[in-house]
Amino acid sequence: MNEKTSRAQSKGILTRFSSALAKTRSQFGNGVSSLLLGRRQLDEHILEELRTQLLMSDVGVAATDRLLDNLSRAVRKKKLRDGESALQALRLDIGQAVAPLQKEFKVSAPRPFVILVVGVNGVGKTTTIGKLSHHLQNQGHSVLLAAGDTYRAAAIEQLQVWGHRTGVIVISQRPGADSASVIHDAVEAAAARDIEVVLADTAGRLQNKSNLMAELSKIRRVVQRYDASAPHETLLVLDANIGQNAITQVQEFKEAANVSGLIVTKLDGSAKAGVILGIAEEDPLPLYFVGLGESQDDLQPFDAHAYANGLFDS
Amino acid sequence: MFDNLTNKLTQTFSGIRTRKLTENNVAEAIREVRTALLEADVALEVVIPFVEAVRKKSVGREFVASVRPGDMFVKFVHDELVSLMGTEVSSLELRASKKPAVILMAGLQGTGKTTTVAKLARYLQNEQEQKVATVSADVYRPAAIEQLRVLSEAANAHFIATTADEQPVKIVKNAVSVTQDLGFDTLIVDTAGRLAIDDDMMAEIRELHDSLQPSETLFVVDAMTGQDAAKTARTFDRVLPLTGVVLTKADGDARGGAALSVRAITHKPIKFLGTGESIDGLELFHPDRLASRILGMGDILGLVEEAEKKVDVDASERVVKRMLRGTTFTFDDMREQIKQMSDMGGMASVLSRLPTAPNVKVKETDDDVIRKHAIIIDSMTAKERAFPNLLNIPSRKKRVAAGSGTRIQDVNFTIRKFKQMQKATKRLGRMGRSSKMLAQLEQMMGENK
């Protein structure tokens, strides 16, 4: 579409991952690690520094307190000597806390395999579907898109552009059409054409709008008329910029739409999505992918270890 | 958390008998404030000086016996919030000397810039009778231009067509000259969402700004934003001379700490709240009300103002007078209440402005229930509305159910609600008008969980 896209596409995935991180680093310095790498004697000041870093990464008060308690306990037992060993211990702790979220995303037997994509407004659902379509095609799957966001202006056109880009069929109806019926049609169309995966877009909705949340249950029911086991995955898209409200989003969407996995977008910015730690504590769900940009290659499997390191920019 | 901060703070002082706030007896309350602000996503760098200021103000203060220390402390927090957020409501300042006056939108991806452009266009046309044009310089996101076209049409604003192969700077230059020729008052420029750390894209918006010389450069921020709101706002404010902020998705259940962060860091006024996806979901921002909302004191001012604007004063006076006289509460009165409530934007909108009192969780379906009450009442005869006992007759009930397309059970439910309200009204004789309304709201909502 524009130079920006092609520019990003020309680089390899790893290069882009590290360049995204480097961008963050150069802008905001080395965060806490530069302070600690000097092997300073471990003291209250350093612990406070670490607390600050966690809170500023949206880790939240409760999860931060828990991490710092663990750390203080290790300090009292004289297991940690200096700042650097404290940082290492903290990274390890965080990595372990989010490790249960790391899980490979797999398309399994039911055909078509229906993936419903849900989330609040503006988190990047449609873009994520474009990227996911590309990812699944790279894995050798055939894909079809369902333009289930019939509400937002030009959402259908936006998905059609992605369909064109990734070379897949997009099933759509008029704006304002019934979302459930669009998705049902798409599932039938995929079956008729022997396509393996249906990626269904839905309109963004705030989780406190109970009538809009109820619509998600309706979509599920209608899809189940075709295949009682569908949707086979319901992915909730979370925006890395969102703070503690993400926890409520997970709770409410889980209740209304039986969410089976998460995708965190916009991690290429300066926001760190520390709230993932809170989610790991409250509502652990597989976090399949993270979004790192606007082009089709910018979708990465979540890596707990890389995430733990990323919180401290090292 | 925010909702009951006041209660929590009052509780932390409940054991305190002295007439002086000391370092020791405010420590716990300070921690509560700090936690509540962080949980509400206020940036840490804003929280720290904030609680420090509250601590300084409160420690060492003596007070008279009639004041509870908790209330005193709450007042200090309130004052500090007000001094941070300011008290003035600020609207758009569009230079009349320059036609068209330009509004430039800026922000991260997905914050709601395009929707806000359409809402602003509608606002300026309706409230200020301006001739408004819109243009999109978002050549990156697929169908972003089409989205603005559709929304502008809905807002009745003139949309200047562009394509994704054009250069953003050329797009805006052209838009200015076109709108100048056609005599438009205001041009609103939508831009692509961009990350604050994307130097190329930040340079691009700077260039757009230099070329446009806008009257207003509005930073659009999602009310759900976390800690990073501070960094992002700082970078946008450094690159662009921002003139104000629009806080979007404010109808969600996020506590909106980003409003405090952005204000504290940029010192720019929050001018509008975006609420909902429909094109009229834009409100002026009242900073003083935010303070009350954070503390859980409720947005009484907002409710009163809204009520005065929309409610038929005569009708509500009639209802109140009847109540005060103790005249029987009839279905007509209930219908009147429902009408007033929906005029004020429904149950959730009314309750969100009241103090902590309502101990009921508002669901949007509550409004559906109430709408159903209205339909059922509308299917009654005038006589039935005035003499509710007539509805004890089964054939009448059946007729009302058929007329309203509901079931007998629904009619029974409405009658039961009505009787509860009638009973409550009798008890309300000596209450003030607003608490009476609240009590009735609670009646109407309770039990249908």
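The values are calculated or read from the model by the stated rules, or taken from the named source; none is laboratory data. Everything numeric in this text was worked out from a predicted model, so none of it was measured. We place every Cβ from the backbone using ideal geometry, glycine too, and count neighbours over all the protein chains shown.
If you go through segment B:176-200 and pick out every residue that is in contact with a strand residue (DSSP E or B) (Cβ under 8 Å, 6 or more places away or on another chain) and assigned to a helix (DSSP H, G or I), you end up with 3.
Look through segment A:240-255, keep the residues that are polar (S, T, N, Q) and assigned to a helix (DSSP H, G or I), and return whichever of them is nearest to the other protein chains (Cβ to nearest Cβ). Don't jump to the end; show me each part of the working.
We begin by selecting, within segment A:240-255, every residue polar (S, T, N, Q); these are A:241, A:244-245, A:248-249, A:251.
Retained after the next criterion (residues that are assigned to a helix (DSSP H, G or I)): A:245, A:248-249, A:251.
On the way: A:Asn245: 4, A:Thr248: 6, A:Gln249: 8, A:Gln251: 11 Å.
Applying the filter and picking the extreme gives A:Asn245.
Filter segment B:245-262 for residues that are more than 10 Å from the chain's Cα centre (by Cα) and buried (at least 22 other Cβ atoms within 10 Å of the Cβ) and give the result. Residues satisfying the conditions are B:Val245, B:Val246, B:Ala254, B:Arg255, B:Gly256, B:Gly257, B:Ala258, B:Ala259, B:Leu260, B:Ser261, B:Val262. Does segment B:152-175 contain any residue that is in contact (Cβ under 8 Å) with a residue 40 or more places away in the chain, more than 14 Å from every other protein chain (Cβ to nearest Cβ) and in a loop (DSSP other than H, G, I, E, B)? For segment B:152-175, residues in contact (Cβ under 8 Å) with a residue 40 or more places away in the chain, more than 14 Å from every other protein chain (Cβ to nearest Cβ) and in a loop (DSSP other than H, G, I, E, B): absent. Only residues that are within 22 Å of the chain's Cα centre (by Cα) and within 14 Å of chain B (Cβ to nearest Cβ) were counted across segment A:217-227, and they come to 1. A single entry from B:Lys113, B:Lys131 fulfils the requirement of being surrounded by 14 or more Cβ atoms within 10 Å (Cβ to Cβ) and free of Cβ contacts under 8 Å to residues at least 60 places away in the same chain: B:Lys131.
Away from chain A (no Cβ under 13 Å), β-branched (Val, Ile, Thr) and under 24 Å from A:Leu292 (Cα atoms): is that true of B:Ile197 in this structure? Spelling it out, it is not the case that B:Ile197 is away from chain A (no Cβ under 13 Å), β-branched (Val, Ile, Thr) and under 24 Å from A:Leu292 (Cα atoms).
Kindly indicate the residue of segment A:258-270 that is in contact with a strand residue (DSSP E or B) (Cβ under 8 Å, 6 or more places away or on another chain) and buried (at least 23 other Cβ atoms within 10 Å of the Cβ) and also farthest from the other protein chains (Cβ to nearest Cβ) among those meeting that condition. Spell out the reasoning first.
Within segment A:258-270, the first condition is being in contact with a strand residue (DSSP E or B) (Cβ under 8 Å, 6 or more places away or on another chain), and the residues that meet it are A:258-268.
Now restrict to residues that are buried (at least 23 other Cβ atoms within 10 Å of the Cβ): A:259, A:262-268.
Values: A:Val259: 17, A:Leu262: 16, A:Ile263: 14, A:Val264: 12, A:Thr265: 8, A:Lys266: 6, A:Leu267: 11, A:Asp268: 7 Å.
Here the residue is A:Val259.
Would you say A:Gly148 is away from chain B (no Cβ under 14 Å) and either among the hydrophobic types (A, V, I, L, M, F, W, C) or touching a helix residue (DSSP H, G or I) at 6+ places or on another chain (Cβ under 6 Å) (or both)? Please lay out each step first, then the result.
On the way: away from chain B (no Cβ under 14 Å): yes; either among the hydrophobic types (A, V, I, L, M, F, W, C) or touching a helix residue (DSSP H, G or I) at 6+ places or on another chain (Cβ under 6 Å) (or both): yes.
So A:Gly148 fits the description; yes.
Please indicate, with yes or no, whether at least one residue in segment A:121-139 is under 24 Å from the mean Cα position of the chain (by Cα), surrounded by fewer than 19 Cβ atoms within 10 Å (Cβ to Cβ) and either part of a helix (DSSP H, G or I) or free of Cβ contacts under 8 Å to residues at least 24 places away in the same chain (or both). Looking for residues that are under 24 Å from the mean Cα position of the chain (by Cα), surrounded by fewer than 19 Cβ atoms within 10 Å (Cβ to Cβ) and either part of a helix (DSSP H, G or I) or free of Cβ contacts under 8 Å to residues at least 24 places away in the same chain (or both), one finds at least one in segment A:121-139, hence yes. Going by the conditions given, is A:Gln207 touching a helix residue (DSSP H, G or I) at 6+ places or on another chain (Cβ under 6 Å), assigned to a loop (DSSP other than H, G, I, E, B) and either more than 30 Å from B:Ser261 (Cα to Cα) or assigned by TED's automatic domain parsing to the domain that holds A:Val290 (or both)? Against the criterion (touching a helix residue (DSSP H, G or I) at 6+ places or on another chain (Cβ under 6 Å), assigned to a loop (DSSP other than H, G, I, E, B) and either more than 30 Å from B:Ser261 (Cα to Cα) or assigned by TED's automatic domain parsing to the domain that holds A:Val290 (or both)), A:Gln207 qualifies. For A:Leu212, state whether it is closer than 29 Å to B:Asp368 by Cβ, assigned to a helix (DSSP H, G or I) and within 14 Å of chain B (Cβ to nearest Cβ). Answer is yes for this residue.
When residues in segment B:271-291 are screened for being free of Cβ contacts under 8 Å to residues at least 40 places away in the same chain, outside any loop (DSSP other than H, G, I, E, B) and either more than 24 Å from B:Asn156 (Cβ to Cβ) or small (Gly, Ala, Ser) (or both), 1 of them pass. Total residues in segment A:128-149 satisfying the condition of being under 19 Å from B:Gly110 (Cβ atoms) and either out of contact with any strand residue (DSSP E or B) (no Cβ under 8 Å at 6 or more places or on another chain) or not assigned by TED's automatic domain parsing to the domain that holds A:Leu299 (or both): the figure is 2. Residues in segment A:164-199 that are at the interface with chain B (Cβ under 10 Å from one of its Cβ atoms), buried (at least 16 other Cβ atoms within 10 Å of the Cβ) and free of Cβ contacts under 8 Å to residues at least 40 places away in the same chain: A:Pro175 only. Residues that are touching a residue at least 40 places away in the same chain (Cβ under 8 Å), in a helix (DSSP H, G or I) and not hydrophobic (A, V, I, L, M, F, W, C) within segment A:256-310 comprise A:Gly278, A:Glu281, A:His305, A:Tyr307, A:Asn309, A:Gly310, listed in sequence order. Scanning segment B:134-151 for residues that are part of a loop (DSSP other than H, G, I, E, B) and more than 7 Å from every other protein chain (Cβ to nearest Cβ), we see that the one that is surrounded by the fewest Cβ atoms within 10 Å (Cβ to Cβ) is B:Arg141.
Looking across segment A:273-287, the residues that are surrounded by fewer than 24 Cβ atoms within 10 Å (Cβ to Cβ) and away from chain B (no Cβ under 14 Å) come down to A:Ala280, A:Glu281, A:Asp283, A:Pro284, A:Leu285, A:Pro286. Within segment B:24-53, restricting attention to residues that are touching a residue at least 24 places away in the same chain (Cβ under 8 Å) and of a type in the set (D, E, K, R), the residue that is nearest to B:Thr225 (Cα to Cα) is B:Asp41.
Do we have any residue at all in segment A:152-169 that's of a type in the set (Asp, Glu), more than 25 Å from the chain's Cα centre (by Cα) and in a helix (DSSP H, G or I)? Scanning segment A:152-169, I find no residue that is of a type in the set (Asp, Glu), more than 25 Å from the chain's Cα centre (by Cα) and in a helix (DSSP H, G or I), so the answer is no.
Would you check which residues across segment B:238-253 are at the interface with chain A (Cβ under 9 Å from one of its Cβ atoms) and either over 19 Å from B:Phe272 (Cα atoms) or without any contact (Cβ under 8 Å) to a residue 60 or more places away in the chain (or both) and list them?
Step one: filter segment B:238-253 for residues at the interface with chain A (Cβ under 9 Å from one of its Cβ atoms), giving B:248-249, B:251-253.
Within segment B:238-253, B:Asp251, B:Gly252, B:Asp253 qualify.
Residue under question is A:Val223, and the condition is that it be crowded, with 20+ Cβ neighbours inside 10 Å and farther than 28 Å from B:Ala258 by Cα; does it hold? When the stated conditions are applied, A:Val223 passes them. Test A:Gly119 against the stated conditions and say whether it is in the same structural domain as A:Leu238 (by TED's automatic domain parsing), modelled with pLDDT of 95 or more and in contact with a Leu (Cβ under 6 Å, 6 or more places away or on another chain). So A:Gly119 fits the description; yes. Residue count for segment B:12-44, restricted to those that are touching a Ser or Thr at 6+ places or on another chain (Cβ under 8 Å), part of a helix (DSSP H, G or I) and either more than 14 Å from every other protein chain (Cβ to nearest Cβ) or modelled with pLDDT of 90 or more (or both): 5.
Quick test for you: out of B:Thr217, B:Thr235, pick the one residue that is over 11 Å from B:Met105 (Cα atoms) and either more than 7 Å from chain A (Cβ to nearest Cβ) or of a type in the set (S, T, N, Q) (or both). The conditions single out B:Thr235. In segment B:65-88, is there at least one residue being outside any helix (DSSP H, G or I), more than 14 Å from chain A (Cβ to nearest Cβ) and closer than 30 Å to B:Gln147 by Cβ? No, that holds for no residue.
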